[in-house]
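Written out below as structure tokens is the structure these notes cover.
The values are calculated or read from the model by the stated rules, or taken from the named source; none is laboratory data. Since we're looking at a predicted model, the values are computed, not measured. Here the Cβ is made from the backbone with ideal geometry for all residues, glycine too, and neighbour counts use every protein chain on show. The area values use the complete protein model at the heavy-atom level, side chains included, leaving out ligands, DNA and RNA. Shrake-Rupley method; radii C 1.70, N 1.55, O 1.52, S 1.80 Å.
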Amino acid sequence: MPHVKPRHIVIDTDPGIDDAIGILLALASPEFSIAGITTVAGNIGIDTTTRNAGRLLAFAGQHDIPVFEGAAAPLSRPGPAPLNLHGKDGIGGVALPAPARPPESRPAVEWLADLLLSEPAGSVDIFALGPLTNVARLVLDHPDAAKRIGRIIAMGGVIAEAGNVGPRSEFNLWADPEAADAVVSSGLLLVLVPLDVTRRVRATRDFTAALSASGKPLASMVADLIESYFETSTHQESRPLHDPCVMLFALAPDLFRLENLRLSVGTGPTEEAGALTVDENGAPVQVAMGVDGPAALELLARTLAAF
Ligand code: RIB
Ligand code: CA
């Protein structure tokens, strides 16, 4: 197998149980070189999402990856209340160590802009797992840096199904619709991974039992994270792995079916906030609209067990 140079990525995240699974998957994947993790408020407040990013890196022994604290609130709206789904500590109460080091002193967006200006254009991708506030700030305040992004792969939105926080609204875009609008209409290369596919990558208890049986530390931790997801949900047969689908798409795009859609983002009152409309006057976005769910789960399990 010819050696392929790892892809430089930044993970922008609000961990969050499913974020945590995506982060551990990225840490287990030699295909990625993580330049840093930038945090955003979303599933829970910024102090907790930032601490959880540090805890995950400490657990995985990745002490050289820096964490940068990002937006504590959306661009122009009040932030969402913490989601009970992720537990009081935002990470399902699983046993993680304390961060091995504090977050960096530089604000996330400033660091991200400098990184993009210092690396070759197009060589850094952003994996966005939460509200798009940080990415929008980069686009709005540092356009010369933003245009050097390779691509943004973002978990967010819903196209042809019901939303998870409103009839047509998904949490990440609903939490900061103005940010989502800025990113979608930025003209940057954006791959959106919406609920239409993430709901088809579902972990069952048999899946978590197999992860635990591997005896490998990251696989066992992901099993614990998914089990905690079961505890905080009424849905007891399976749980959707929303954010890990971003990493799974980057690792194996052939497992997904992309459609080129023109989208506009609802920035109206609460009900429609973050809703996506397919609109011929909208911005061009590559949207994952199909996935081989079982194969994606198998890739997740195989990657974690190999670490
Ligand atoms: O709608 C799912 C998204 O909202 C995921 O990113 C989850 O972590 C929450 O942030
Ligand atoms: Ca998330």
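Summary table
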| read-out | value |
| --- | --- |
| Carbon and sulfur %, accessible surface of region 83-173 computed with the full protein complex present, 1.4 Å | 55 percent |
| Heavy atoms of residue 207: accessible area, 1.4 Å probe, square angstrom to 10 | 30 Å² |
| Average Cα contact separation per residue, the chain, under 8 Å, 6 or more apart, as relative contact order % | 19 percent |
| Cα gyration tensor shape for region 230-269, rounded if a/c is under 1.5, else prolate or oblate | oblate |
| Computed [θ] at 222 nm, helices only, for the chain once each DSSP H run of length n ≥ 4 contributes -39500 (n - 2.57) | -10500 deg cm²/dmol |
| Order by protection proxy (mean Cβ within 10 Å, highest first), peptides 17-24, 108-115 | 17-24, 108-115 |
| Cα gyration tensor, region 175-307 - rounded (a/c under 1.5), prolate or oblate | prolate |
| Whether the chain is rounded, prolate or oblate, judged on the alpha carbon gyration tensor where a/c under 1.5 counts as rounded | rounded |
| Mean separation of Cα contacts under 8 Å (6+ apart) over length of region 129-198, as relative contact order % | 44 percent |
| Rounded to 5, the percent of DSSP beta bridges in the chain classed as antiparallel | 40 percent |
| Amide proton proximity set for residue 168, modelled H, under 5 Å, gap of 5+ | 163 |
| Nonlocal amide H pairs with residue 124, under 5 Å, H built at 1.01 Å | 150 |
| Counting DSSP beta bridges with both ends in region 110-251, the antiparallel % (nearest 5) | 35 percent |
| Euclidean distance between Cα centres, region 228-277 to region 69-86, Å | 18 Å |
| Where region 118-265 is the region considered: accessible area per residue in Å², 1.4 Å probe | 35 Å² |
